[in-house]
Amino acid sequence: MTLPAPNPALRTTAATCCYCGVGCGVLIDHDDERISGVRGDPAHPANFGKLCSKGSTLHLTGDLNARALYPELRLGKALARSRSSWDNALDHAASVFAETIREHGPDSVAFYISGQLLTEDYYAFNKLARALVGTNNIDSNSRLCMSSAVVGYKRSLGADAPPCSYEDIEQADCLLIAGSNMAYAHPILFRRLEAAKAARPEMKIIVVDPRRTDTCELADLHLAIAPGTDVALFHGLLHLLLANGDYDPAYIEHHTEGFEALRSLAADYPPREVARLCGLDEADLRQAAELIGRSPAFLSLWCMGLNQSSSGSAKNSALINLHLATGQIGKVGAGPFSLTGQPNAMGGRETGSLSNLLPGHREAGNAEHRAEVARYWGVDELPSNPGLSAVELFEAVRAGKIKALWIACTNPAQSLPDQQKIHEALTLCPFVVVQEAFFTTETCQYADLLLPAASWGEKEGSVTNSERRVTHVRRAVPAPAEARPDWAITCDFARRLEQLLRPGLPSLFNFLSVEMLFEEYKHLTRGRDLDLSGLSYAILDNQGPQQWPFPNGAQQGTARLYGDGRFPTTSGRAQFVADAYVPAQERQEKDFPLLLNTGRLRDQWHGMSRTGTAARLFGHVPEAVLGLHPIELSQRGLQSGELVELRSRRGRLTLPVQADDSLQAGHAYLPMHWGDRFLKGLGTNVLTQPAFDPLSKQPELKLSGVQVTQAAVPWQLFALVEGDVQRRFNALRPLFDGFDYASLTPTGREERPALLIRAASATAPDGELLAQIDALLDVDQGPVLTYDDPQRGVGKRIRIEDGRIVAMRLAGETAARDWLKGMWQEGKADTDLRRWLLAPLATPPGGGVKTSKTLCNCMNVSQDAVCAGIARGLDLNGLKNELKCGTSCGSCVPEIKRLLNSHTAAVAVEA
Ligand SMILES: Nc1nc2c(c(=O)[nH]1)N[C@H]1C(S)=C(S)[C@@H](COP(=O)(O)OP(=O)(O)OC[C@H]3O[C@@H](n4cnc5c(=O)[nH]c(N)nc54)[C@H](O)[C@@H]3O)O[C@H]1N2
Ligand SMILES: Nc1nc2c(c(=O)[nH]1)N[C@H]1C(S)=C(S)[C@@H](COP(=O)(O)OP(=O)(O)OC[C@H]3O[C@@H](n4cnc5c(=O)[nH]c(N)nc54)[C@H](O)[C@@H]3O)O[C@H]1N2
Ligand code: SF4
Ligand SMILES: [Mo]
């Protein structure tokens, strides 16, 4: 599948995007050494050639200065890591694991893996943990992501299988999008939905989200529910469907069980009461029920707003109940369709990568399932002790019960809730292995052994996307330096461990290629609901990506499940689940009067190890900012941009606040992407709660009680330095540990990337520290304009080369920062600059104008330019024609529409 590229010097390899669960096909242009470009694969059925703002910039990410390149080993907690050979590194790891297992038993070690691994990687890890080590302590970040959907599908339908296809999104008559901001998180699916709605405006879209997100731009009805109240909403909708006669008694009778119990539960959810609980207008609730009840094809899409909740499993089943009661499943344009977050979270579920699962959608707690897998693997038995789930697992590490921890392809020191405890656990753990592509993550600093992993474009294997479609991912270029593919690392380690734990026995890990892993794994799915035993790399290459089930002998994949009304439960019937609504633990209380919600930004991916290396991806949102409804700002006497202290029961952060009228009063919103690296203070998850759903054990990441007060940090610093961004970042970041607030962010475009720093403290730092910072910023010597007023603690440094600013540092007072940044962006340094520099007052000439954010990243169009165009009377097409915004990936179109709509509304009010 490597073809000639448009440029004859280059070649093209077909792979997939390594970000979200849409699973778009990409064509990677390269010269066998380096990747030079990326395009959407027109032949891939997920995206038909389109890519979003993240996928289309993949080739701009992955700076080698941020990559892990060699194994590094630390032989004592107080020592620094030093470079090691692979042989030495893996022998050492095998001896520590073997010793720990011998001394403390197999459950004293654990593996924490990721929905971003390939299926073959997962399979190798599962075999390692369960067959060789003999522990079920193998869990993945999918616990934070999809585990409530897994429980929802299994409890209601009998197997963990999303029954729909992407085509159904285009063919539905009514779509319920609940707790999903797909405009940001699944952009290419959202593009497909936009196109479908434009072609069939009669299609109705309901969005259930406490925030007015960009996804709402497509909604006919937005239900801005109170956080955590979805179960009450879905029961309330069922109540109305039953009352209106909009249900399917024949379907219920022939294909389901448990309806009577649910009907009597739903009776307790009358519209007035539900509207009150959920904070909705009763009329909106009734309208939603009518739209759902009267549509020939009803589809629901959901994501983390339902899953990441202490009632995540109940939310999933309550939504699936609506489909079963109306018979809206197993047909075109209908069904309960959970959107997968990570690119291969599905593959993880298939290969058994949650502690309670086994390969082939089996259960670790089921003796028969264990025996089947043990037989296939040729081992006596698999462990029966229940394994720990992510939150419990790190608690066990902290308690000293787990003494050797292997982390691969995930960054728990940023992404798990209650970070203070996670950092404690990682500090205490005697042996931490981190298998990572980027050495820059928060977790890597705890690695006693850092193993460099190959990453996007550098590895082969397979992935399954949200619609059960398996794609063969191909390698375009070799991994840099000594980085190796995950499966190869895992199997190499396993072979060494085998020699210590079961010497003399034939190896369980004689895999010479990644394809051999796939071939072994696929037979474990035979006869199961996900049967993909008929697939092979050759079939995927010849016939393209395929949806499972694809049993042996099948000619094609399966687009839709349950068309015959038979379900993989013991009785063959789907199950109604009657769980009552249970309010979330943390509420708005006196000391913590706001509810903090967390989620995604359009152009960033999780902890930003990859997206954080591309300066332009910070154009849309440059730094961590807490969003609050304007009324919450004015009640606290706060202005947008001001620094605040944000506290929960578990931790605190200092960061700027911003008015955000897409939020409701009483709520706060913080993107999930910030950890300790880009923002000092352990990041967003220092605040979130570890409480989890009783069945799925998925933590409550979307709801924590918080408090906001003005931060007393009068001493401020602002700096910007052009070029060599990663290296400078790595050197400068530790110098900011002592500040109350510090935000470090790449900025600019590829031509002139820069590092931008904002910091603040209660008092001025000592001169020595400032001098160290200045040296790294290149403003300590050479062509630097300098002004110091020691009395007021104010200092300015501006480095000018070839007539333009290339570095700057303001200390004490930073009122001129936006003006200076604007001058840097325009590439000038005029006489105003010298006049301002020597003036005792910090205020820039004209007061200083704030540079606006980049709305369209592909075409580099700012929000100001778009607003000016709108003021001149341009509509969406006019803006596209004149400014070219929104004409490439389209990720900014919903936001442009929002600006257009708010302008129209403002004009209407004025009239
Ligand atoms: N740009 C980008 N895209 C991504 C990712 C990324 O990091 N960046 N990550 C990928 C991954 S792993 C995942 S899991 C997905 C996540 O995709 P989404 O789940 O769509 O994204 P989030 O922003 O986490 O949350 C979705 C919405 O849930 C809402 N919400 C919060 N509480 C509630 C509630 O109680 N009820 C309801 N109904 N809604 C609520 C939030 O306001 C938010 O708008 O995105 C994937 N795609
Ligand atoms: N507050 C809050 N917290 C959340 C969420 C939220 O909505 N709110 N969402 C949760 C969800 S849904 C998710 S999925 C998690 C995600 O949380 P994480 O899994 O921690 O997120 P990533 O930053 O994507 O971590 C993946 C790591 O793998 C590395 N990597 C990339 N490619 C490879 C490779 O090929 N091999 C190896 N070995 N490493 C590689 C990357 O550099 C990165 O450090 O965050 C969760 N945390
Ligand atoms: S929608 Fe964007 S992030 Fe998701 S797979 Fe496609 S290109 Fe990648
Ligand atoms: Mo996720």
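The values are calculated or read from the model by the stated rules, or taken from the named source; none is laboratory data. Keep in mind that what you see is a predicted model, and the values were worked out from it rather than measured. Glycine gets a Cβ as well: all are built from the backbone with ideal geometry, and neighbour counts include every protein chain shown.
What is the residue count in the range 742-777 for residues that are outside any helix (DSSP H, G or I) and surrounded by fewer than 21 Cβ atoms within 10 Å (Cβ to Cβ)?
Qualifying residue count for the region: 10.
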Tell me, please, whether a residue that is buried (at least 23 other Cβ atoms within 10 Å of the Cβ), charged (D, E, K, R) and either in contact (Cβ under 8 Å) with a residue 12 or more places away in the chain or more than 21 Å from residue 469 (Cβ to Cβ) (or both) can be found in the range 165-172. no
So, of the residues in the range 308-321 that are within 20 Å of the chain's Cα centre (by Cα) and assigned to a loop (DSSP other than H, G, I, E, B), which turns out to be surrounded by the fewest Cβ atoms within 10 Å (Cβ to Cβ)? 310
Anything in the range 19-37 that is within 16 Å of ligand 3 (Cβ to nearest atom) and either under 18 Å from residue 64 (Cβ atoms) or in the same structural domain as residue 600 (by TED's automatic domain parsing) (or both)? List them, or say none. 28, 35, 37
Only one residue in 392, 350 is surrounded by fewer than 21 Cβ atoms within 10 Å (Cβ to Cβ), within 27 Å of the chain's Cα centre (by Cα), over 30 Å from residue 292 (Cα atoms) and not small (Gly, Ala, Ser). Which one? 392
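Identify the residue in the range 343-363 that is assigned to a loop (DSSP other than H, G, I, E, B) and touching a helix residue (DSSP H, G or I) at 6+ places or on another chain (Cβ under 7 Å) and, among all such residues, is farthest from ligand 2 (Cβ to nearest atom). Reasoning before the result, please.
Pass one, the range 343-363, residues assigned to a loop (DSSP other than H, G, I, E, B): 343-344, 352-356, 359-361.
Imposing the further condition that a residue be touching a helix residue (DSSP H, G or I) at 6+ places or on another chain (Cβ under 7 Å) reduces the set to 344, 352-354, 359-361.
On the way: 344: 10, 352: 18, 353: 13, 354: 13, 359: 20, 360: 23, 361: 20 Å.
If we take residues in the range 343-363 being assigned to a loop (DSSP other than H, G, I, E, B) and touching a helix residue (DSSP H, G or I) at 6+ places or on another chain (Cβ under 7 Å), then 360 is farthest from ligand 2 (Cβ to nearest atom).
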Of all residues in the range 43-66, how many are within 9 Å of ligand 3 (Cβ to nearest atom) and either assigned to a loop (DSSP other than H, G, I, E, B) or surrounded by fewer than 21 Cβ atoms within 10 Å (Cβ to Cβ) (or both)? 7
For the range 280-297, check the following and say yes or no: at least one residue is in contact with a Cys (Cβ under 7 Å, 6 or more places away or on another chain) and either away from ligand 1 (no atom under 16 Å from the Cβ) or not in a helix (DSSP H, G or I) (or both). yes
Residue 30 - would you say it is over 24 Å from residue 346 (Cα atoms), more than 23 Å from the chain's Cα centre (by Cα) and not acidic (Asp, Glu)? yes
So which residues in the range 439-484 are closer than 16 Å to residue 89 by Cβ, among the charged types (D, E, K, R) and surrounded by 23 or more Cβ atoms within 10 Å (Cβ to Cβ)? 448
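Restricting attention to the range 147-155, does a residue exist that is within 16 Å of ligand 2 (Cβ to nearest atom), over 23 Å from residue 532 (Cβ atoms), in contact with a helix residue (DSSP H, G or I) (Cβ under 9 Å, 6 or more places away or on another chain) and touching a residue at least 60 places away in the same chain (Cβ under 8 Å)? Lay out the reasoning, then the answer.
Kept after step one, since they are within 16 Å of ligand 2 (Cβ to nearest atom), are these residues of the range 147-155: 147-152.
From what is left, the residues that are over 23 Å from residue 532 (Cβ atoms) are 148.
From the residues that got through so far, the ones that are in contact with a helix residue (DSSP H, G or I) (Cβ under 9 Å, 6 or more places away or on another chain) too are 148.
Subset that is touching a residue at least 60 places away in the same chain (Cβ under 8 Å): 148.
Checking the range 147-155: at least one residue is within 16 Å of ligand 2 (Cβ to nearest atom), over 23 Å from residue 532 (Cβ atoms), in contact with a helix residue (DSSP H, G or I) (Cβ under 9 Å, 6 or more places away or on another chain) and touching a residue at least 60 places away in the same chain (Cβ under 8 Å).
Only one residue in 265, 218, 242 is of a type in the set (A, V, I, L, M, F, W, C), in contact (Cβ under 8 Å) with a residue 40 or more places away in the chain and within 16 Å of ligand 1 (Cβ to nearest atom). Which one? Before you say what the answer is, go through the steps one by one.
Details: 265 fails: within 16 Å of ligand 1 (Cβ to nearest atom); 242 fails: within 16 Å of ligand 1 (Cβ to nearest atom).
Matching residue, one of 265, 218, 242: 218.
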Show me the strands (runs of 3 or more DSSP E) entirely contained within the range 125-238 in which 2 or more residues are within 16 Å of ligand 4 (Cβ to nearest atom). 138-140
If you check residue 188 against the conditions, is it surrounded by 20 or more Cβ atoms within 10 Å (Cβ to Cβ), among the β-branched types (Val, Ile, Thr) and more than 20 Å from the chain's Cα centre (by Cα)? no
Mind checking whether some residue in the range 24-42 is within 30 Å of residue 450 (Cα to Cα), within 16 Å of ligand 1 (Cβ to nearest atom) and outside any strand (DSSP E or B)? no
Residues that are of a type in the set (D, E, K, R) and touching a residue at least 12 places away in the same chain (Cβ under 8 Å), drawn from the range 766-779: 774, 778
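Residues of the range 550-581 being within 30 Å of residue 270 (Cβ to Cβ) and more than 30 Å from the chain's Cα centre (by Cα), which ones? Talk me through it step by step, then tell me what you get.
The first filter runs over the range 550-581 and keeps only residues within 30 Å of residue 270 (Cβ to Cβ), leaving 573-581.
Within the range 550-581, 573, 574, 575, 576, 578 meet the criteria.
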Can you tell me which residue within the range 595-633, out of those that are part of a strand (DSSP E or B) and closer than 20 Å to residue 304 by Cβ, is farthest from ligand 3 (Cβ to nearest atom)? 595
Collect the residues in the range 156-168 that are over 18 Å from residue 570 (Cα atoms) and either touching a helix residue (DSSP H, G or I) at 6+ places or on another chain (Cβ under 8 Å) or at pLDDT below 95 (or both), keeping them in residue-number order. 162, 163, 166
Of these, 305, 360, which one is crowded, with 24+ Cβ neighbours inside 10 Å, within 30 Å of residue 517 (Cα to Cα) and in contact (Cβ under 8 Å) with a residue 40 or more places away in the chain? 360
